[in-house]
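The numbers here are math on the coordinates, done by the rules we state, and not lab data. Nothing here was measured: the structure is a model prediction, and the numbers come from that model. Every residue, glycine as well, gets a Cβ built from its backbone with ideal geometry; the counts of neighbours run over all protein chains shown.
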Amino acid sequence: MASTIKDVAKMADVSISTVSRVINDSKPVSPEARRRVLHAIEVLNYKPNEVARSLVTKKSNLIGVIVEDIGSNFVSQILRGVEEVGRMYKYDILLSSSYGDMDTEVKFANLLAQKQVEGIIVISNLHNSKLEYKLEESKIPYVVISNFYEIEKFKANIDYEKASYEMVKNLIEKGHKNIASIAVRRDYDRTYEKQKVSGYDKAMTENGLETTELFVEDLNQESLEEVQEEILSEIKEKNITAIFTTFDTLAINVMNMLLDNNIKTPDDVSVTGFGGTTISEIYRPKLTTVKIPYYDIGAVSIRKILKSITDKETSFKKDVTLPAQIIECESVKTLND
C-alpha cells in the first residue's frame, strides 16, 4: 500500500502541515525538521499527489499544446522547440491534435484548463475565433502559431515580405526577368500570402519587370488542377522562366504539373518554394526555398509563455521577428552565365 502524508508526518515526528511546507517549499521550516521529513519521504518512498499539490502551489508545471495535425512537418518542427525548451525549465507538455476540427480545438482548450495547465500553445493554420475567445476567457497565457494566417496577438515569426523580396531578387540576379508568382487566394487579406506577394511585387517593380500574379484556392493538388490551363497559358505567352511559390508543398505540386506537361524543372522553368520543410530536401530536383526557423519559433513562443507565468502577465507586448534563410538547391537555373 502506498505511503501517505500522514505516514511521513508520523515517522518524522512533525505535523502534516510541516510536511506540506517542505514538499511545496511554501513556508520556512527548521533545518532539523526538514531533514527528518526528507528522510521519511525517502524511506517510505512517498509520492506526493501532484493534482492536490498543484492546487496548493498554483503550479502544475504543465503546458498544453493544441495542434492542427501532429503529422504536419511544420507542426512537428515547432513542437520540438516547444518540448525541448519546456523540458529545460522542468515543464511537461500535454499534447492534443484536432486534425482540422475547430470544435475539437475548443474542446481541448476547455480540457487543458481543467487540467490546470499554466500556459497554452496552439499550432494551427485554422482561423478559429471561438478558440481565441475561449483562451482569452480562461485568463491562461497563450500563443497561437500559424504559418498562414496573420496573428493579432503576440507572434514569433519571420518578415514574410522581406524574405519573399530576397528570394525574387535572387532569381533576378540569376538572369530571370519573366517571373510569375503563385499564391493561395483563400482569405488572402488576412494571411501572410499578401505579404509574400507584396515582396514579389516590390522586387519586380524595383527592377522594372512586369508582374504575373497567379493564385490557387488552396494548397491541395485539386486546386492547382483548376487553374492549370491558366498557368500553362501564362508560361507560354509571357515566356516565364521562373515561378516564385509561397509554400514548399505548392512548389512540389507545380513542378509535378509542369513535368506532366513536358516542362522540366529547372531546365525549362525554375521553381522556388517557401518553408524549408523536409519535403524540399527529399524531392528531386531539391527545392530552392526560404527556410523558416520553425524550431526557433516554438522555442521563443514557450519562453514567452514561461516569462508570462513568472511575471504574472497574460499579455505580450512585443513581437519577435526571426531571420529567414534562402536555401539554394537544384530547382533554379542560372541564365546569365
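Of note:
- Members of LYS174/LYS264; LYS155/LYS194; LYS169/LYS291; LYS162/LYS307; LYS134/LYS318; LYS130/LYS155 lying beyond 25 Å, as alpha-carbon distances in this model show: LYS162/LYS307
- Charge context of TYR165, other residues only, Cβ under 13 angstrom, K/R +1, D/E -1: -2
- GNM top mover of LEU322, LEU112, LEU287 - the chain, alpha-carbon springs below 10 Å: LEU322
- Two-decimal Rg to Rh for the stretch 190-337 - Kirkwood Rh, Cα set: 1.06
- The stretch 140-267: C-alpha gyration tensor shape, a/c 1.5 cut-off, then a/b vs b/c: oblate
- Positive contributions from Lys and Arg (+1) and negative ones from Asp and Glu (-1), summed over other residues with Cβ under 13 Å from the Cβ of ALA33, come out at +3.
- GNM on the chain, alpha-carbon springs under 10 angstrom: the most fluctuating residue among SER233, SER96, SER146 is SER233.
- DSSP bridge analysis restricted to the chain gives an antiparallel fraction near 10%, rounded to the nearest 5.
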